[in-house]
Amino acid sequence: MKGKEIRQQFLEYFRKNAHEVVKSSPLLPHDDPTLLFTNAGMVQFKGVFLGLEKRPYSRATSCQKCMRAGGKHNDLENVGHTARHHTFFEMLGNFSFGDYFKADAIKFAWELLTDWFSLPKDKLWVSVYEEDDEAENLWKELTDVNPSQIVRFGAKDNFWQMGDTGPCGPCSEIIIDQGPEAGCGRPECNIECDCDRYLELWNLVFMQYNRDAQGNLTPLPKPSIDTGMGLERITAVLQGKLNNYDTDLFMPIIDQITTLKGLTYHKDPKTDASIRVIADHIRASVFLLSEGLVPSNEGRGYVLRRIIRRASRHARLLGAEEPFLHKIVDSVVDSMGETYPEIIDESERVKKLLKIEEERFIRTVEKGMQLFDEVIKDVRAKGSDTIPGEEVFRLYDTYGFPIDLARDIANDEGLKIDEEGFQRALQEQRRRARASWEAEDKTVARIYSEAVEKAGETEFVGYEKLSEEVTVRFIIKDGSPVESLKEGQEGEVILNRTPFYAESGGQVGDTGTLHSDKCHILVKDTKKPVQGLHVHHVKVLRGEITPGDTLTATVDKERRYDIMRNHTATHLLHKALQMVLGEHVKQSGSLVAPERLRFDFTHYDALSEDEFREIEDIVNEKIMEDLKVKTEVMDIEEALNSGAMALFDEKYGDKVRVVSAGSFSKELCGGTHCSSTGQIGTFVITSEGSVAAGIRRIEALTGKGAINYLREKRKEVEQIKEILKTDSPINRIERLLADLKRLEKEVERLKTSGAGDIISEAVQGAKEINGAKVVAIVKEGLNHKELRLLADRIKDKLHSGVIIAGSVQDGQAAMVCMVTKDLTDKFHAGEIIKKIARLTSGKGGGKDVLAQGGTKETESFIKVLNNIEEIFK
């Protein structure tokens, strides 16, 4: 059975058992700041398990894209060296939200594995939590598993919890005995052994308790089920493979790697490991890049960069000197594109980004080699045989310089690396990375769950109305429920319905007022911490507010209209960018505020002046056409089939809003919009630039903001004309700049032209050191550029030698060193400057023929130059 068929059979089995087949959520969790990546099937249902979200079904099944690299779950360093570790993998799962529990979960799992997948029953083992008598009895009563093959383990292996507090419960794992040939060969090998003989296939989590902050367990009113089985593992078992990489999920990728490099798989263990690293990492890279993530130096982007660079490093070990990874993207698309069509749509963009990142990595490895050489020289100069681990980590972290390459070079040089120091620095970096993804205050999250239970969901009426009579349902202050807010106090108010839009999809929340005869309240912001709950951040200006009060809620109309202009303009901009730059352009982030809009998008180059102007023109043309803006509510599949654009970083329900501007643009969007494009007024781009590799950012203004911006620019031009006393300021500025450049050159000439005698004296006074002429000269008042000119003139007269030129001004010393090319085998300008810098507490460095530096220790500097022979000893 092929991997594709196994995936389909699993979902079909549970569909026939009344489960909703739910599409995989993105790898980048939209609304969970506790996670770097989606790492399990239950992640998209987390809000349901916590009681923060309701779904129209109580049973679900999915095949979820998962990533385990970085953070708590980090398999990166093991990938390629074991049969089972992966960064990207697919998790098959079935879920019950207060519907069925242990009995049905056990029956479903056993029937699927033994009847549908025909696994031999005598090879299957089951583990249960040591205190879970119920689960063991159910396995014996409901299945024909061999009772002697049911084992009990402790909490470490068989008790699951979502976090330190919250839902948790015992779990039961189904394990297959793959036979002695898959094991470690030790006589004492058994089900508790860590070798591959006893392979964990499927984990059934029985979520039946809630753990409080004191560690106490209380039964949940509606126990739930969360199960997970790796597609790669079950595929290997069903295809009779002892290594996941030998299945049809990986072999098409491995075949393309070996074909391109002229290699044979399963011939050399080291080569095989590199092939497996590349095969795994290219899958992860393709899926992450397809979702709009780009390599960077922090967070998720940093993990992606490490994955790409690790794969590139192994490609180099296979003999690839040029970028290689982009050449094997098609093998991933061909294997998985039918199931995940987004990787087909994004394949060309993925190839370009991979090529760019590999080219950068190749350059940084070369840079790392140079820096590592300098580290080695410093180690030798100190008479040590150990390279500091912190220095190796710095190169590893900053330049992606591989630790194994560092070890190889160190070994060749007869040195060793301080491995403990490297590991300390690595663990500290991981600690910082984890800290940047810490969970939000769980106490605050629980208060919103309580608010939903007591107040119910908030009905949003703000698409049609900006004012509405509402009832106060719940009040929060400092993370706890309260019975009132008095004059001067601030807190959070939950209403039965609201016209206030809550911040989401890049659009900021509404502000305005809540008003009645007894109170007047300022709404400072509106948030949506959990699905269906609008939380109004308020300050009581007069009177008091209590639950049950009836108020008039009024949105700040002018501010909302400004936001609507910017949001509709964002849609026009998105389409215009695709028209001008290409279909690869995708939204990568946005901010829709009353005063401006910001739009991040995928593209590789800065916009040219022509592209800039064309994009702005298209948007303004569509504004002047006054296109009708229409909003429709439809099923998600219907919306996508209609050609509406969807964004990867958004979480969509079964029903979605589709916003169309005439026939020009169509997007899935829950925001607020103008009724026609003419209401936008004017559109002006104020800036365009890069925010990350492959990600550009445009900032723009509309309506009154655009008019004020243009008015300000016109005022600036008038002021410039007044200052320059001309009606043609550009011509005047060009002449002034030309005059300035000419005068700067004249100043340089005057500063050095009078140095003829000094140059002659310097050449005549050159010292013979180690078989070379060395000139050391100090002339006050020169900067680095002027010092280079001076050193150049001395070099022209000296023909062969070393020149060290220095100058002191404003309490600082500048220095330049030049070495003529015939002497670079004996002297290195960069090393000379470094040595002077060390002796004078300064900084500096450079190439073999030219280097420069500086120091604040001017007296020490003059002293060193007067005793230049010491430098060359």
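The values are calculated or read from the model by the stated rules, or taken from the named source; none is laboratory data. The structure presented is a predicted model; accordingly, all values stated were derived computationally and were not measured. So basically every Cβ, Gly included, is an ideal-geometry build from the backbone, and we count neighbours across all protein chains shown. Only protein heavy atoms, including side chains, enter the accessible area calculation; ligands, DNA and RNA are left aside. Shrake-Rupley method; radii C 1.70, N 1.55, O 1.52, S 1.80 Å.
Some observations on this one:
- Calculated FRET efficiency for the pair Glu374/Ser860, C-beta based, R₀ 25 Å, to 0.05: 0.60
- Given charges at Cβ of Lys, Arg, Asp, Glu: segment 708-806 dipole, positive-most of Ser728, Gly806, Ala738: Ser728
- Cβ-Cβ distance of Asp848 and His30, R₀ of 45 Å, FRET efficiency by 1/(1 + (r/R0)^6): the value works out to about 0.30.
- Largest first, the residues Met579, Met818 sort by 1.4 Å accessible area into Met579, Met818.
- Solvent-accessible surface ranking, highest first, for Arg186, Arg714 at 1.4 angstrom: Arg714, Arg186
- Tyr399 contributes about 50 Å² of solvent-accessible surface, heavy atoms of the protein only, 1.4 Å probe.
- Here the chain has 47 percent of its accessible surface on carbon and sulfur atoms, given a 1.4 Å probe and all protein chains in place.
- With R₀ fixed at 30 Å, the C-beta to C-beta distance from Val461 to Met624 puts the FRET efficiency at about 0.40.
- Charging the Cβ of each Asp and Glu at -1 and of each Lys and Arg at +1, and nothing else, the dipole of the chain about its Cα centre rounds to 2300 debye.
- Neighbours of Thr550 by Cβ distance under 12 Å: Lys/Arg scored +1, Asp/Glu scored -1, total -1.
- In this simple spin-label approximation, Thr726 and Asn243 carry label points 7 Å from Cα along the Cα→Cβ vector, and these lie 7.4 nm apart.
- Beta bridge orientation in segment 47-163: antiparallel %, DSSP, nearest 5: 70 percent
- Computed with a 1.4 Å probe over protein heavy atoms only, the accessible surface of the chain comes to 47 Å² per residue.
- Taking every DSSP bridge with both residues inside the chain, close to 90 percent are antiparallel.
- One decimal place: the segment Asp133-Glu359 gains 75.5 nm when fully extended, by the rule 0.36 nm per residue minus the C-alpha distance.
- Segment 49-144 shape via C-alpha gyration tensor axes, a/c threshold 1.5: oblate
- Fully extending the segment from Arg735 to Asn17 would add 250.3 nm, taking 0.36 nm per residue of separation and subtracting the current Cα-Cα distance.
- Pairwise label distance in nanometres, Asp345 with Asn708, each label 7 Å out on the Cα-Cβ vector: 3.7 nm
- Normalised Debye scattering of segment 100-195 at q = 0.12, 0.13, 0.22 Å⁻¹ gives log10 I(q)/I(0) of -0.43, -0.50, -1.20, counting only Cα atoms as equal scatterers and leaving out solvent.
- Taking each residue as 0.36 nm, the span from Lys826 to Asp810 lengthens on full extension beyond its C-alpha to C-alpha distance by 2.3 nm.
- Matching label, Rg and Dmax of the Cα atoms in Å computed from the structure shown, candidates (1) 33.9, 106; (2) 27.5, 85; (3) 29.4, 90: (1)
- Screening the chain for whole DSSP H helices with an alpha carbon extent of at least 27 angstrom along the helix axis and a mean Kyte-Doolittle hydropathy of at least -1.0 yields 269-290, 299-317, 347-381, 557-581, 703-724, 729-753.
- 21 Å Cα-Cα reach of Lys486 towards lysines, excluding residues that sit fewer than 8 places from it in its own chain: Lys477, Lys518, Lys524, Lys539
- Nitroxide proxy distance, nm - points 7 Å out along Cα→Cβ at Glu544 and Ser760: 9.9 nm
- Cα centroid separation, segment 601-665 to segment 771-785 (Å): 62 Å
- Within the assembled protein chains, the solvent-accessible surface assigned to Glu338 is about 140 Å², based on a 1.4 Å probe.
- Remark: segment 172-188, residue by residue, has Karplus-estimated 3J(HN,Hα) of 10, 10, 9, 10, 10, 8, 8, x, x, 5, 8, x, 8, x, 6, x, 7 Hz, where x stands for each Gly or Pro and the curve is 6.51 cos²θ - 1.76 cosθ + 1.60 at θ = phi - 60°.
- Order of exposure, largest accessible area first, which applies to Glu358, Glu632, Glu609 with probe 1.4 Å: Glu609, Glu632, Glu358
- Within straight-line cross-link reach of Lys327, lysines at Cα separation under 21 Å, skipping those fewer than 8 residues along the same chain: Lys261, Lys351, Lys352, Lys355
- The Cα atoms of segment 275-368 cover 40, 29, 20 Å along the three principal axes, with the biggest extent listed first.
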